[in-house]
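So the structure is just underneath, and the comments pick up after that.
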Amino acid sequence: MVKPIARREFLAASAGAAAPDRFLPRVGLVGSGGRGTGLLRTLLALDIAAVPAICDINAQNLEQARDAVRKAGHPAPEGYGRHEQDYERLMAREDLDAVLIATPWEWHARMAAHGMRAGKYVAVEVPAAITVEECWQLVDTSEQTGMPCMMLENWSFLRPNLALLNMIRLGLLGEIVHCHCAHSHNCIYWYFDKEGNPRWSGEHLLRRNADPYPTHSLGPVLSWMDINCGDCFAQLTSTASRSLGINNDFRKKFGSKHPAASRRYRQGDIVTSVVKTARGNTIVINNDMQLPRPYDNRWMIQGAEGLYDEARNAVYIAGRSPEYEKWEPFPPYQDKYDHSWWKALAVGSPDFGHGGTDYLELSLFIEAVRRGGPAPIDVYDSVTMSVIIPLSEQSIAQGSAPVACPDFTRGRWKTRKPSFALEG
Ligand SMILES: NC(=O)c1ccc[n+]([C@@H]2O[C@H](COP(=O)([O-])OP(=O)(O)OC[C@H]3O[C@@H](n4cnc5c(N)ncnc54)[C@H](O)[C@@H]3O)[C@@H](O)[C@H]2O)c1
């Protein structure tokens with residue numbers, strides 16, 4: 001099993017080698033805005049990769065990122081940012097093993113495909129793609145080039161989600177039948193600037209009505225339900241509520257005369273999608289990102305013998321839970337079935353973002369690069385999570401009509417075995 005690398009272990013592995021640098025994967029970063037800088041800081045703090053090249057078309061963001069590398073005691077990376085296609089020059093560098101992509105959504109698939117064609121391992125931020133065609137482009141390119149393409153879906157690595165995965169694989173919940181998941185996070189601050197103008201992300205809310213951010217909800221669900229390795233998404237319907245949240249928010253901030261308060265946003269406040277799988281299981285996915293509310297993922301997964309409810313932090317397992325049809329606390333189960341990835345992290349290991357999940361996903365990706373093995377999240381799972389965006393848009397536009405889900409594995413889900421986060 002691939003283990004996350006800690007700095008110490010990594011240095012030990014390199015000790016005595018004639019050229020220790022050979023063991024240090026060399027990574028190019030494309031997009032050094034909010035998230036790209038966060039990923040860079042995690043990489044630098046972990047000291048598990050060299051970053052000799054950074055690309056961003058925003059000169060200030062580029063310089064800040066180069067400066068962060070310099071301040072961490074490394075040579076300043078070469079900067080690329082002459083124009084929007086300058087990432088191609090970065091990816092042409094022969095000394096890079098991998099690229100991390102953290103640009104606006106419309107760039108992800110073409111940049112990731114270009115990276116694979118240049119022979120690089122690709123880690124791309126969420127979502128990996130935003131159209132059905134782009135999803136296929138990533139699958140085709142990964143298959144043709146043999147290069148892995150991993151979407152950086154951090155919630156797949158959350159500690160309770162991985163403990164639950166172990167429990168499901170041991171059969172504690174019985175055969176899985178149904179799951180609920182949500183991305184409930186008021187992100188108006190991220191979609192719009194302080195004056196209420198749409199950022200690149202907010203432009204999507206003006207133009208389309210879809211589930212724009214389905215990967216944080218679906219991350220753990222794919223492995224819980226053996227999607228692409230025993231089952232697959234077959235059909236989806238999506239329904240959007242009306243859109244009140246953004247106008248309300250700007251009315252309160254700027255008054256009703258402000259253009260942002262009356263501008264028409266196509267994006268409904270709550271989008272509910274229902275996926276039916278080939279095996280006959282169901283998944284409800286909620287998107288809820290523009291109403292005032294606390295953060296929530298509302299994961300709930302139900303099998304023939306029991307269920308887990310994240311909001312209650314509880315499970316009920318028939319014949320095992322002490323009281324008939326009463327919840328019992330989840331934390332003791334988490335301790336008992338804790339995933340070895342988390343056990344391997346030293347007690348008190350630093351939280352480099354999202355409760356340590358960013359640490360895990362990045363260190364596992366870099367370890368895959370170092371070994372030349374498969375990335376922890378493969379291209380099929382990456383696009384299966386992402387394709388909910390265009391499919392939900394299509395269903396909503398057709399009055400919640402059922403839409404067929406593409407089978408990116410081309411039928412191989414029937415024989416593929418689970419590979420994500422296997423123990424032992
Ligand atoms: N996994 C997570 O928890 C998480 C959190 C936040 C954001 N994200 C994702 O990260 C990505 C980036 O989001 P962000 O908040 O950092 O956005 P951002 O706007 O802060 O950063 C994007 C950067 O990309 C640069 N850019 C745009 N076009 C480019 C091009 N053609 N070539 C090079 N650089 C280009 C911009 O100048 C900017 O610096 C998005 O996909 C977002 O969904 C993920």
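The lone criterion from (1) away from the ligand (no atom under 11 Å from the Cβ); (2) buried (at least 24 other Cβ atoms within 10 Å of the Cβ); (3) over 19 Å from Pro25 (Cβ atoms) left unmet by Asp67 is number (2). Of the helices (runs of 4 or more DSSP H) lying entirely inside segment 20-139, the ones with 2 or more residues being outside the structural domain of Tyr191 (by TED's automatic domain parsing) and more than 23 Å from Ser382 (Cα to Cα) are found at 34-46, 59-71, 87-91. Taken together, the residues in segment 325-347 that are in a helix (DSSP H, G or I), at pLDDT 95 or above and surrounded by fewer than 14 Cβ atoms within 10 Å (Cβ to Cβ) amount to 4.
Quick one: Thr131 ticks every box in (1) within 18 Å of the chain's Cα centre (by Cα); (2) within 11 Å of the ligand (Cβ to nearest atom); (3) surrounded by fewer than 17 Cβ atoms within 10 Å (Cβ to Cβ); (4) among the polar types (S, T, N, Q) except a single one, so which number is it? Checking Thr131 against (1) within 18 Å of the chain's Cα centre (by Cα); (2) within 11 Å of the ligand (Cβ to nearest atom); (3) surrounded by fewer than 17 Cβ atoms within 10 Å (Cβ to Cβ); (4) among the polar types (S, T, N, Q), the one that fails is (2). When Pro292, Pro322 are checked against the criterion of being touching a residue at least 40 places away in the same chain (Cβ under 8 Å), in a loop (DSSP other than H, G, I, E, B) and not hydroxyl-bearing (Ser, Thr, Tyr), a single residue qualifies: Pro292.
Only residues that are outside any strand (DSSP E or B) and surrounded by fewer than 17 Cβ atoms within 10 Å (Cβ to Cβ): list them for segment 171-185, please.
At the first step, the residues of segment 171-185 found to be outside any strand (DSSP E or B) are 171-175, 185.
Gly171, Gly174, Glu175 - these are the residues of segment 171-185 that are outside any strand (DSSP E or B) and surrounded by fewer than 17 Cβ atoms within 10 Å (Cβ to Cβ).
The residue that is nearest to Val274 (Cα to Cα), counting only those in segment 245-258 that are surrounded by 14 or more Cβ atoms within 10 Å (Cβ to Cβ) and of a type outside the set (D, E, K, R), is Gly245.
Evaluate segment 188-205: report whether one residue or more is away from the ligand (no atom under 12 Å from the Cβ), part of a helix (DSSP H, G or I) and closer than 17 Å to Val132 by Cβ. Within segment 188-205 (the criterion being away from the ligand (no atom under 12 Å from the Cβ), part of a helix (DSSP H, G or I) and closer than 17 Å to Val132 by Cβ), the answer is no, since none of the residues qualifies.
Tell me whether segment 387-406 contains one or more residues that are charged (D, E, K, R) and out of contact with any Lys or Arg (no Cβ under 9 Å at 6 or more places or on another chain). Break it down stepwise before answering.
Taking segment 387-406 as the starting set, the residues that turn out to be charged (D, E, K, R) are 393.
Those still in the list that are out of contact with any Lys or Arg (no Cβ under 9 Å at 6 or more places or on another chain) too: none.
No, segment 387-406 has no match at all.
When Pro77, Pro127, Pro104 are checked against the criterion of being within 16 Å of Val51 (Cα to Cα) and in contact (Cβ under 8 Å) with a residue 12 or more places away in the chain, a single residue qualifies: Pro77.
Taken together, the criteria exclude Val126 from residues that are within 16 Å of the ligand (Cβ to nearest atom), farther than 23 Å from Asp211 by Cβ and either within 15 Å of the chain's Cα centre (by Cα) or basic (Lys, Arg) (or both). Tell me, yes or no, whether segment 396-416 has at least one residue that is aromatic (Phe, Trp, Tyr), at pLDDT 95 or above, farther than 30 Å from Trp136 by Cβ and not in a loop (DSSP other than H, G, I, E, B). Within segment 396-416 (the criterion being aromatic (Phe, Trp, Tyr), at pLDDT 95 or above, farther than 30 Å from Trp136 by Cβ and not in a loop (DSSP other than H, G, I, E, B)), the answer is no, since none of the residues qualifies. Of Ala59, Ala50, Ala17, all but one fail to be more than 11 Å from the ligand (Cβ to nearest atom), among the small types (Gly, Ala, Ser) and at pLDDT 95 or above; the exception is Ala50.
The values are calculated or read from the model by the stated rules, or taken from the named source; none is laboratory data. Just so it is clear, the structure is predicted and the values come from calculations on it, not from any experiment. Cβ: placed from backbone, ideal geometry, glycine included. Neighbour counts: every protein chain shown.
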